[in-house]
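Only one structure is covered here, and it is reproduced in the block below.
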Amino acid sequence: MIRGLRGAITIESDKPELVWDETARLVREVVTANNVEVDDIASIVISTTPDITSAFPARAVRLMEGWQYVPVMCTHEMDVPGALPLCIRVLIHANVEVAQKDVQHLYLNDAVKLRPDLAQAK
């Protein structure tokens, strides 16, 4: 069945290399934590806070070995006052054989502030 695997990570500054490196890190860690293979992924939506404009984070996924056929889309988060800055979020739609409550969602770097209840390993 298809489940949504969530994750978020912050970067130190808006530089293309950081956008790509940290996006790839986040995606890899989310799929690893959930024992997902590339062929199990239906699509990925990546959002960034409006202060990230130097690069498309989807490029990081498209350049990963074997990932070039995964549909990936980028968007910006709403510009809400007081929101966590320099944050990249992913929503991976994947076929997994676990209950919704057992999906591992990852929040890395300062993104742990977004969902401290889910940031802890189960």
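The values are calculated or read from the model by the stated rules, or taken from the named source; none is laboratory data. Every value quoted in this text rests on a predicted model; they were computed, and no experiment measured them. Note that each Cβ is placed from the backbone with ideal geometry, even for glycine, and that neighbours are counted across all protein chains shown. For accessibility, only protein heavy atoms count, side chains too; no ligands or nucleic acids. Shrake-Rupley method; radii C 1.70, N 1.55, O 1.52, S 1.80 Å.
Counting only residues that are over 22 Å from P16 (Cα atoms), over 13 Å from the mean Cα position of the chain (by Cα) and open to solvent by 30 Å² or more (accessible area, probe 1.4 Å), how many does the range 78-111 have?
The number of residues fulfilling the criteria is 10.
Since T75 meets every condition but one in (1) open to solvent by less than 50 Å² (accessible area, probe 1.4 Å); (2) hydroxyl-bearing (S, T, Y); (3) within 14 Å of the chain's Cα centre (by Cα), which condition does it not meet?
(1)
Determine whether the range 60-70 contains at least one residue that is closer than 11 Å to R89 by Cα, of a type outside the set (F, W, Y) and open to solvent by 30 Å² or more (accessible area, probe 1.4 Å).
No, the range 60-70 contains no residue that is closer than 11 Å to R89 by Cα, of a type outside the set (F, W, Y) and open to solvent by 30 Å² or more (accessible area, probe 1.4 Å).
For the subset of the range 21-45 comprising residues that are over 14 Å from L86 (Cβ atoms) and in contact with a helix residue (DSSP H, G or I) (Cβ under 7 Å, 6 or more places away or on another chain), which member is surrounded by the fewest Cβ atoms within 10 Å (Cβ to Cβ)?
A24
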